[in-house]
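The block underneath contains the structure these notes are about, expressed in structure tokens.
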Amino acid sequence: MTSPTVTPVPLLAPLRILQADEYDRAVKAGVRAARSVSRATVEEVTGAVLAEVGLFSPPIEPDELDPEFCTAQCLPFDPETCDTYSLGQWQQCGDEPGHAGDGHDNGDFSWSDGQPGTVPARHGTV
């Protein structure tokens with residue numbers, strides 16, 4: 001069974017979060033261009049290259065999140081406020097599932113629901 005697609009709050013133009021099929025096509029193009037490299041490596045390289053030009057991978061699907069934590073997510077998209085490793089890497093809230101309020105934190109990033117590049121918690125689902 002396919003998990004439901006999550007819908008993040010859009011980023012401000014010209015930045016954009018890619019649809020899952022767009023991101024998959026970019027990764028597949030990278031795999032074709034670098035046949036001797038693993039898909040995981042190609043995904044990492046593709047994500048870094050796309051982030052540098054303001055295009056980002058879709059959010060983490062609910063069934064791929066750690067069920068021990070809140071399902072809210074944020075996307076570090078500003079190279080001025082995050083390190084190059086975190087740029088374009090979706091972050092999961094580190095608080096317990098169902099915590100009070102719409103503020104989230106994972107130790108590295110803090111955010112509120114409704115900010116650009118965020119996905120609110122999906123209560124009762126993972």
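The values are calculated or read from the model by the stated rules, or taken from the named source; none is laboratory data. Bear in mind that the values here come from a model prediction, so they are computed numbers and not experimental data. Side chains included, ligands, DNA and RNA excluded: accessible areas come from the protein's heavy atoms. Shrake-Rupley method; radii C 1.70, N 1.55, O 1.52, S 1.80 Å.
To test your reading of the geometry: what angle, between 0 and 90 degrees and rounded to tens, separates the Cα axis of helix 20-33 from the longest principal axis of the chain? Relative to the chain, helix 20-33 is tipped by roughly 30 degrees. Computed from the alpha carbon atoms alone, the convex hull of the chain holds 116 Å³ per residue. Counting only protein heavy atoms and a 1.4 Å probe, segment 38-117 has 54 square angstrom of accessible area per residue.
Relative to the dominant Cα principal axis of the chain, helix 39-52 is inclined by about 80°.
Among the protein heavy atoms of the chain, carbon and sulfur supply 54% of the accessible surface, probe 1.4 Å, non-protein parts ignored.
Could you order Ser57, Ser110, Ser36 by accessible surface area, starting with the largest, using a probe radius of 1.4 Å? Don't skip to the end; give the middle numbers.
On the way: Ser57 25, Ser110 85, Ser36 120 Å².
Of Ser57, Ser110, Ser36, the descending order of accessible area is Ser36, Ser110, Ser57.
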